[in-house]
Amino acid sequence: MGIQKNLNDIKSILPEHVTLVAVSKTKPVSDLMEAYNAGQRFFGENKIQEMVDKYNTMPKDIEWHMIGHVQSNKVKYMASFVRLIHGVDNFKLLKEINKQALKYGRVIDCLLQIKIASEDSKFGMTPEDASEIIKSEAFSELKNIKIVGLMGMATFTDDENLVKKEFNYLKDTFENLKQIIKTHNFQLNTISMGMSGDYKLAIKCGSTMVRVGSSIFGTRSYH
Ligand SMILES: *Cc1c(COP(=O)(O)O)cnc(C)c1O
């Protein structure tokens, strides 16, 4: 398979300030190892159990990103090793991540997921929700998490103008929040937006981290 070639093709057009997260959900370890052997070190999974299984069998210099929706009661399984949690969309979840990170003496980096798509199916909070959380007393007490950026998922559509509008909205939200708030556990430097179908557009709109799956590993089949 052409995993190495796919990776090289994508990396050749990626600006230096953009991190490529290889989204390996549903793919076997052999595929991930092919990417690893081609130099890839950032992998994204959307199911905690699957990520834990892959973490246990793969080299330890990999940075694991949780990109899916996270249930609070499962945070404990990944708290010892997860590098970045992309989809934080409520305060209760942040509190749980903080509690589990404390057990390992870690500070876990998180992104707040902002709802940018007009589709109802996508998770995320409003910019107002985000700023309310960040300004709260309760948030300032969380010492074992750090919000380092925002994540968003655009509408699944061929309408480039709509997708562009949604990406710009996330970028604007990022700049606004960055200006109005600075605390010890809120230091924005990452905008996670862009997938196989729209990462080039996302980069033009200011993305610093793209989550690319099928363009690297091929289409997924769910059984
Ligand atoms: C699956 C997934 C991706 C990757 O999607 P592709 O279209 O295969 O690149 C990116 N982000 C999230 C949150 C995902 O669940």
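What shape does the range 174-223 take by its C-alpha gyration tensor, where a ≥ b ≥ c are the square roots of the eigenvalues and a/c under 1.5 counts as rounded, a/b above b/c as prolate, and the rest as oblate? Kindly include the intermediate steps, with their values, before the conclusion.
Numbers: a/c = 4.29, a/b = 2.28, b/c = 1.88.
It is prolate, given that a/c is not under 1.5 and a/b is the larger ratio.
Can you work out ³J(HN,Hα) from phi for every residue in the range 98-107, in order, using Karplus 6.51 cos²θ - 1.76 cosθ + 1.60 and θ = phi - 60°, giving whole Hz and x for Gly and Pro?
4, 4, 6, 5, 4, 4, 9, x, 10, 10
If the chain between residue 53 and residue 11 were fully stretched, how many nm would it gain, using 0.36 nm times the residue separation less the Cα-Cα distance? Present the calculation step by step, with values, prior to reporting the outcome.
On the way: separation 42, 0.36 × 42 = 15.12 nm, distance 2.71 nm.
Residue separation times 0.36 nm, minus the Cα-Cα distance, leaves 12.4 nm.
Per-residue counts of other Cβ atoms within 10 Å, averaged by peptide: what ranking do you get for 23-29, 72-78, highest first? Walk me through the numbers on the way to the answer.
Values: 23-29: 19.1, 72-78: 16.1.
Per-residue Cβ counts within 10 Å, averaged per peptide and sorted highest first, yield 23-29, 72-78.
Kirkwood Rh over Cα pairs of the chain into Stokes-Einstein at 4 °C, 1.567 mPa s: D in µm²/s?
Values: Rh = 17.8 Å.
Answer, rounded: 73 µm²/s.
Taking every DSSP beta bridge with both residues inside the chain, roughly what % is antiparallel (nearest 5)? Walk me through the intermediate numbers first.
Values: 1 of 28 bridges.
Rounded to the nearest five, the antiparallel share is 5 percent.
Expressed as a whole percentage, what fraction of the accessible surface of the chain belongs to carbon and sulfur atoms when a 1.4 Å probe is rolled over the protein heavy atoms?
Answer for the chain: carbon and sulfur cover 50 percent of the accessible area.
Might you report the magnitude of the Cβ-based charge dipole of the range 30-151 about its Cα centre, with Lys and Arg at +1 and Asp and Glu at -1, to the nearest 20 debye? Show your work: numbers first, answer last.
Details: 17 positive and 17 negative charges, 107 e Å.
That gives a dipole near 520 debye.
The values are calculated or read from the model by the stated rules, or taken from the named source; none is laboratory data. No experiment lies behind these values; they were computed from the predicted model shown. Positions of Cβ are backbone-derived with ideal geometry, glycine not excepted, and every protein chain shown enters the neighbour counts. Please note that ligands, DNA and RNA were not included when accessible areas were found on the heavy atoms of the full protein model with its side chains. Shrake-Rupley method; radii C 1.70, N 1.55, O 1.52, S 1.80 Å.
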